[in-house]
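What follows is calculated from the coordinates using simple rules that are stated; it is not laboratory data. Just so it is clear, the structure is predicted and the values come from calculations on it, not from any experiment. When we count neighbours, we look across all protein chains shown, and the Cβ atoms used for this are built from the backbone with ideal geometry, even at glycine.
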Amino acid sequence: MVVSKEDLLAKTFGVEEFDVPQLGVFKIRPLTRAEALTVKDKELPVAKAEQWIIAHAVAEPVLSEKDVEQLQKQLPAGLFTPLTDRIAEISGMKKEAAKSGVPGVRK
């Protein structure tokens, strides 16, 4: 059966809890296609892209790009990696998705 326009536009994807060791539980959501294309089109340095992605995909706690920038300056280097990897995975942006034309988070 072909999906209807109404059903397609009504479709939403949920928020999930994700535990980041040493930091705690975050509520995250997948980036939308428009958001994924926006971050890709900006061609940001990795640190700025991480700020943008976390600020947009983390539902709780609410973090601004400036908040994420501050955390990048004070947290050990690898603590956000599991979080950004999970956001990329649920958004269909992992490197395995490259064959399908879905933009990757990292170059």
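Brief remarks on what is shown
- Counting neighbouring beta carbons within 10 Å and listing from fewest to most, the residues M1, M93 come out as M1, M93.
- About the centre of its Cα atoms, the chain shows a dipole size close to 400 debye [charges on the beta carbon of Lys, Arg (+1) and Asp, Glu (-1) only; nearest 20 debye].
- In the chain, the alpha-carbon atoms span a convex hull of 124 Å³ per residue.
- As a length-normalised measure over Cα pairs under 8 Å and 6 or more apart, the relative contact order of the chain settles at 26 percent.
- Separation in nanometres of the label points that stand 7 Å from Cα toward Cβ, at A10 and K40: 2.9 nm
- Spin-label model, A59 to K94: label points 7 Å out along the Cα-to-beta-carbon direction sit 2.1 nm apart.
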